[in-house]
1. Please give the helix B:2-17 orientation as an angle from the longest Cα principal axis of chain B, in degrees from 0 to 90, rounded to the nearest 10.
2. Just need the relative contact order of chain A here, percent rounded to a whole number, with Cα pairs under 8 Å and 6+ apart.
3. Nearest 10 degrees is fine. How inclined is helix B:39-72 to the longest principal axis of chain B, computing both from alpha carbons?
4. For a paramagnetic label modelled at 7 Å from the Cα of residue B:297 toward its Cβ, which residues of the stretch B:303-342 fall within the zone defined by backbone nitrogen distances under 17 Å?
5. Counting other C-beta atoms within 10 Å, which of B:310, B:204 has the fewest, and how do the rest follow?
6. In degrees, nearest 10, range 0 to 90: what is the angle between the Cα axis of helix A:194-225 and the longest Cα principal axis of chain A?
7. Taking 60 Å as R0, compute the FRET efficiency from the Cβ-Cβ separation of residue A:295 and residue B:308 and round it to 0.05.
8. Within the stretch B:219-248, which residues have the backbone N less than 14 Å from the label spot 7 Å out from residue B:258 along Cα→beta-carbon, could you tell me?
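Each value in this text was obtained by applying a stated rule to the coordinates, not by laboratory testing. Predicted, not measured: the structure shown is a model, and the values here were computed from it. No Cβ is skipped: glycine too gets one built from the backbone with ideal geometry, and neighbour counts run over all protein chains shown.
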């Protein structure tokens, strides 16, 4: 790499659209990822609004059952692959080079590709809404034989999943290579910020499981078009095998969406507690343990398929074990706050909200791990409540926290603190109105993925829907806050936050186009 | 109407705020798992409450410490940050203590699971088959079999009439089981994956084509218990309920006798010639429960997804081909094989109906004997 730093002026961004299309700059690509993620969050959210509108009352009011199923399927695919994952990759792009003292990502051209595949993948996926037979409606888990009943959308579904997988794998390789090779002198592994650590581990998970997903959907494709019978019982295949393969991808995928969140929260809480993170090394070990365990718990998603008793026992024990390292993390965050000197700006509010509500999702997760009771919980709204606590108040809240925390660094402008706090409180109140009643619905016996329900479930569904509409509207406030911050505002200092530690805060706000052209010395 | 609705809504939100505080008063809204009427469901309920309270205990502790800290360790209150940031002793402690709590949970869970999965020594076996979108029941020892489909009328679902008490949780032919007998259910499916679940009975098993899963229930109280398919199985997943009626031994024996005599009467009826009016009347009913979900009540189907029967080449073409499609389905499409689900009379009736309804006036009359010959 060239160490010429004096020509910086000639290496500024290109002008106009080509800056974004041809960019190999980690910050530009990070921005693209984040804006794309926000767009998909709104598209997926609009689908959730359709779902909650239909479920506001018993009976069919707005949509037909088949379209309802398309909405649940597409909502999940878009939120997981379009909103949460690209959101975290965007953060990694922006932050990893700045946190480890590098000028850019290690593989900048591949970086451009891994982003620009995504708009095509999602255009293709969304186009299925207008096809004969409708959009995929067999659930985001694509279980055969049901998924085989998808109309013309079927190959487009498979191909778009392939594209998302390719994008994720390229992004992950880039992150691993950057972290392993481009750390500034003195930045040993155990000195890396936790956000970098959690992303390093996440990237390995991605590289390990994305090909598994690609393999399983390819098998669906050949079953449908090339006469194989991997999953077709009539041809000697095994429909349950798909579920095993899918969840071997699917469970690590859950941690792909939460480990970077752990990293973000571990950056933010120490800053606003003005106190070092408690138990740094135990955080690293806990993250690694969670990553390891994620590979041996997959069948807890399928306790009801009729596994042998020994299989059920193994997966129950392994799943319960996850509570240990996750507990360690929560205890460490609480200990970091203990005897700190805390202030509660918007990023801290979201981080504290994350810790509380993610833990609630963790508790319901522990309950779900207990196989004999899981037979009751499985495929009910209790599960829906559980994973939305983990993914919305978990992953999405951490993304919000990160946006508020680093936006002043990225744009050079402070966001509007009053609006930020308003956004937090509205989100927190309504997200609980939205998802907490779903625990009761599930326990009382409401299955998930149904467009209509028995009248006994009416009240809690109405409360949930009201919470849903309000939570959805509140997010438009976030869009406005982001817009306002990009446009202008009070100038941010380099360090931004009084208690902020780390290399990214030594750069100017906004940082130079090439982050560290001379490697900083880390002591 | 609106006022009572609002009142109920308010009570329900109050109930949510009280969490599980007053289970009796709020039973109407179903806040918690039902305790159920089988040994399995009661064991599951007890485990559920145990773990729930353990979680509540941990939550009170952790959140208590956290909120105390949030209130007192504020910069605005002059708090100065302490310097400590690690302690191996504490880390080991809070790894081991949760681990021990988990072991404490795993022991009763293992015990419960072992007894739930033990389907040996059953008194009675019933095969349960999931179809898109109904359930088939077959009493293996008694040679009784029937299909159980949703009984809620279309107009209630589309809000043209007020909804009944058991809206979406009512069927035409419920599963009948004797009380205090160990009933083994052999669960499978013919098309896609379904899942058989009645919350009061405490167990859920996936119905998977090509697999036979087994589970057992011992209902300890006479009554009617309602559940639903729990695995997404396509368009009408939300419309395939399960109703189980548990009867005492004498009533159950009587029910079995009735079913058997009805079956032999049906067999006799299949032998005779049927009139157009008889076939059309029966065919209309069969069409409504077995065909209308896809092909629609007006026979026009859903363009792009399910073909129309009105004026179609099958319903107005050769009779043999038409019977063949109904009996054996069409591979690679959502059209199921109805040969195993419907009797000769039902297939004859529905074929006749399809060939003469919606202006398909072919005038063809399909007799049960013709279906029997085509099987």
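1. Here the helix axis deviates by roughly 40 degrees.
2. Numbers: 838 pairs, mean separation 96.6, N = 523.
Taking the mean separation of contacting Cα pairs over the length of chain A, I get 18 percent.
3. 40
4. What the label zone holds, given the 17 Å backbone N cut-off, is B:309-310.
5. Numbers: B:310 18, B:204 25.
Ranked by crowding around the Cβ, least crowded first: B:310, B:204.
6. The two axes meet at around 40 degrees.
7. 0.75
8. Correct set: B:245-248.
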